[in-house]
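The values are calculated or read from the model by the stated rules, or taken from the named source; none is laboratory data. All of these numbers come straight from a predicted model, not from anything done at the bench. Every residue, glycine as well, gets a Cβ built from its backbone with ideal geometry; the counts of neighbours run over all protein chains shown. Ligands, DNA and RNA are excluded from the accessible area calculation, which covers all protein heavy atoms including side chains. Shrake-Rupley method; radii C 1.70, N 1.55, O 1.52, S 1.80 Å.
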Amino acid sequence: MINKALKPKKGQPMVYVVLLIVVIATMLSLRRCGGNESHSGRLQQSGGDTIDVAIEYSPMMCYTYADTLGGFNYDLLRILSKRYAVPMKFHPVVTLKDALEALENGRVDVLVAQFPVTKENRQRLLFTDEVYIDRQVLVQKKRHDGSVAITTQLDLAGDTVYVVKGSPMKERISNLSREIGDSIFVKEDPVYGPEQLFLQVATGEIAYAVINRRIALDLAKRYTDVDISTSISFSQIQAWAFAKNNAELQQNFNLWLKESRATAEFQQLLERYQMK
């Protein structure tokens, strides 16, 4: 049976061709990021001393480019794994909701995703110290003259924005709706990640999406007719998450991060991904 989400609408065949290509490429890249992991649909524990890492498939986390695996978080984790002789197995994910469930159920040890450290999130999970700073931005298509429909957060009143299902963006937009004193409607996409939502805006399938700025910046270099200049949140700490009962591993990661920041290898990583 054809998935209705991928069934072409009249006059929009290219939209779905682009998205279908992205979905297929994502699936292939997920297999590469995950190495020899099981693809049974459930994240499986490796056992022994191996640390199981659920890592979001995105330009900032784990990504395939020119037949090479990369991503700031992926490369940093590999540095830690090599430096401290700690084996890590990567389980790339697109659906954040499933990854959070796997973390809290003990099937993975660490979650690496666009998941900001907020008061609400701290009540649910443990986090490392700051890995980097990011913020959430609105993704929208530019008009022919280069202008945009939304220039301030107030302009979102009465509009609908898309977010990844299970992401904290929904909570932020709900707060923003209260702040501006008007309704902003949120639709959670249960299938696509932040990159795919960006592409849905770029191809005209949806009008607005909210994703993290660093991911949006990378994609906007290739899609110059997409605007990401409207911030939805203040700068937020991005960190790696652990289950509440895994404080020892969290503390170890904090120590590894602290010691690694002083190395030349870490500084080279910052320069490579333009994080300075």
Item to check | Exclusive hit being open to solvent by less than 50 Å² (accessible area, probe 1.4 Å) and in contact with an Asp or Glu (Cβ under 6 Å, 6 or more places away or on another chain), set 109, 159 | outcome: 109
Item to check | Only listed residue being modelled with pLDDT under 75 and not aromatic (Phe, Trp, Tyr), chosen from 94, 117, 86, 110 | outcome: 94
Checklist entry - Taking the stretch 99-135 only, how many residues are without any contact (Cβ under 8 Å) to a residue 60 or more places away in the chain and among the charged types (D, E, K, R)? => result 4
Item to check | Filter result (over 19 Å from residue 261 (Cβ atoms), modelled with pLDDT of 90 or more and not in a loop (DSSP other than H, G, I, E, B)) within the stretch 32-80 | outcome: 51, 52, 53, 54, 55
Next on the checklist: Give all pairs with beta carbons closer than 9 Å in which a residue from the stretch 168-186 that is more than 20 Å from residue 117 (Cα to Cα) meets a residue that is assigned to a helix (DSSP H, G or I) and modelled with pLDDT under 90; count only pairs at least 6 apart in sequence or on separate chains.
Outcome noted: 186/169; 186/170
Checklist entry - Just a yes or no: is a residue in the stretch 67-87 small (Gly, Ala, Ser), out of contact with any strand residue (DSSP E or B) (no Cβ under 8 Å at 6 or more places or on another chain) and farther than 15 Å from residue 253 by Cβ? => result no
Item to check | Filter result for the condition that a residue is in a helix (DSSP H, G or I) and touching a residue at least 60 places away in the same chain (Cβ under 8 Å), over 255, 217, 249, 197 | outcome: 249
Next on the checklist: When you scan the stretch 192-200, do you find a residue that is farther than 14 Å from residue 138 by Cβ, out of contact with any Cys (no Cβ under 8 Å at 6 or more places or on another chain) and open to solvent by 20 Å² or more (accessible area, probe 1.4 Å), even just one?
Outcome noted: no
Checklist outcome for this item: Flagged in the stretch 206-258 as open to solvent by 40 Å² or more (accessible area, probe 1.4 Å), of a type outside the set (A, V, I, L, M, F, W, C) and within 20 Å of the chain's Cα centre (by Cα), in numbering order, are 213, 214, 218, 221, 222, 223, 229, 235
Checklist entry - Which residues, taken from the stretch 126-140, are open to solvent by less than 70 Å² (accessible area, probe 1.4 Å), at pLDDT 95 or above and assigned to a loop (DSSP other than H, G, I, E, B)? => result 128
Checklist entry - Just checking, how many residues over the stretch 141-156 are free of Cβ contacts under 8 Å to residues at least 60 places away in the same chain, among the aliphatic types (A, V, I, L, M) and either assigned to a loop (DSSP other than H, G, I, E, B) or loosely packed, with under 14 Cβ neighbours inside 10 Å (or both)? => result 2
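To keep it simple, each residue is scored yes or no on (1) at pLDDT below 90; (2) of a type in the set (Val, Ile, Thr); (3) touching a helix residue (DSSP H, G or I) at 6+ places or on another chain (Cβ under 7 Å).
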| residue | (1), (2), (3) |
| --- | --- |
| 190 | yes, no, no |
| 202 | no, no, no |
| 206 | no, yes, yes |
| 211 | no, yes, yes |
| 221 | no, no, no |
| 247 | no, no, no |
| 250 | no, no, no |
| 254 | no, no, no |
| 262 | no, no, no |
